[in-house]
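Following: one structure in structure tokens, then a few remarks.
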Amino acid sequence: MNEEIKLQLLVLGGLLHDVGKFAQRAGAPMARANEGDFLPDYKGKPSHWHVLYTDHFIEKNLPLQKDLKGHRSRLAALAAGHHKPDSSDVMQACIARGDRLASGWDRSKLETVDEGSQGYKKKRLNAVQDEVQLLRHEFQEPGKWFIPLKKLSMVRDTLFPVQDSTGDPAEYKALYESFLAALEQVPTDVGFEHYLACLLRVLEDYTWCIPSATYKALPDISLYDHSLCTAAVAQA
């Protein structure tokens, strides 16, 4: 495998490492057979189940650029292994480090819904405007305004935050199905840069409104922004 292919896989692995959170919240299938390979142990139990959804998505749903089709399983392992990276695999280590650094600077600590509950399917992305404080000595905890779970579009009902903090979990299923349909339009018989630009557009359209983290973190960073940051650090 040449260095150019390695870099392309590294960028894609960083971008897609957490796409399993989207799939998990939508009730999509996961690669349960790979539990022992990708799930870390937390307090004696396997955790971070979203990586198995990432694995399944890349293996079964992702349209892959023509020169990378022979490396699909390698890409899936890179993306899904970020919570349990192989110590001998430099590329996995890069993505794991990128994820940890991105998480460190884009997440504010806050007790929110438990990862083991179904609350993460209802929690919506906090609007950053809600964190702006204009009055001195009267700080108010953010958490009154939220971004609707909708495909990005330049209309008021999509762009403007609402005051409903929880949503119907079925919204994730509908959004994910639309996401998979949009992915089918991504060209794969073009150069990598054009393929990547098209993939980024679809990812932004559908993950701009999804909170990247809901467990013990203020959910004010989108899955798209976190993923883009992770990929940037990993490839660097």
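The values are calculated or read from the model by the stated rules, or taken from the named source; none is laboratory data. It should be emphasised that the depicted structure is a prediction, and the values quoted were computed from it without experimental measurement. Here Cβ is always computed from backbone atoms with ideal geometry, including for glycine, and neighbour counts include all displayed protein chains. Ligands, DNA and RNA are excluded from the accessible area calculation, which covers all protein heavy atoms including side chains. Shrake-Rupley method; radii C 1.70, N 1.55, O 1.52, S 1.80 Å.
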Inset, instruction - Let me have the 222 nm mean residue ellipticity of the chain computed from DSSP H runs of 4+ only, each contributing -39500 (n - 2.57), with the sum over all residues rounded to the nearest 500. - result: -14000 deg cm²/dmol
Legend entry - Top of 144, 21, 121 by mean-square fluctuation, Gaussian network on the chain, Cα under 10 Å: 144
Legend entry - For region 144-153, Karplus couplings with θ = phi - 60° (6.51, -1.76, 1.60), whole Hz, Gly/Pro x: 10, 10, 9, 8, x, 8, 9, 4, 4, 7
Legend entry - Prolate/oblate/rounded call for region 3-72, Cα gyration tensor, a/c under 1.5 rounded: prolate
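Tell me the net charge near residue 174. Cut-off is 13 Å between Cβ atoms, residue 174 excluded, with +1 for each Lys or Arg and -1 for each Asp or Glu.
Numbers: positive: 25, 121, 150, 151, 173; negative: 168, 171, 177.
So the surrounding residues net to +2.
In Å², what does the accessible area per residue of the chain work out to with a 1.4 Å probe?
51 Å²
Quickly rank 96-104, 192-200 as a protection proxy: mean count of other C-beta atoms within 10 Å, highest first.
In descending order of packing, they fall as 96-104, 192-200.
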Legend entry - Largest to smallest principal axis extent of the C-alpha atoms in the chain, angstrom: 57, 44, 33
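Considering only protein heavy atoms and a probe of 1.4 Å, how much of the accessible area of the chain is carbon and sulfur, as a whole percent? All intermediate terms of the calculation are to be shown ahead of the outcome.
Numbers: 6310 of 12110 Å².
Its accessible area is 52 percent carbon and sulfur atoms.
Find how much the distance from residue 66 to residue 174 grows on full extension, using 0.36 nm per residue of separation minus their present alpha carbon separation; answer in nm with one decimal. Show your work: numbers first, answer last.
On the way: separation 108, 0.36 × 108 = 38.88 nm, distance 2.89 nm.
Contour length minus the Cα-Cα distance gives 36.0 nm.
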Legend entry - Karplus (6.51, -1.76, 1.60) ³J(HN,Hα), θ = phi - 60°, over region 91-96, in Hz, Gly and Pro reported as x: 5, 4, 5, 5, 5, 4
Inset, instruction - Starting from the amide H of residue 86, placed 1.01 Å from N in the peptide plane, find each other amide H under 5 Å away whose residue is 5 or more places distant or on another chain. - result: none
Legend entry - Highest-fluctuation residue, 122, 66, 173 considered, GNM on the chain with Cα pairs under 10 Å: 66
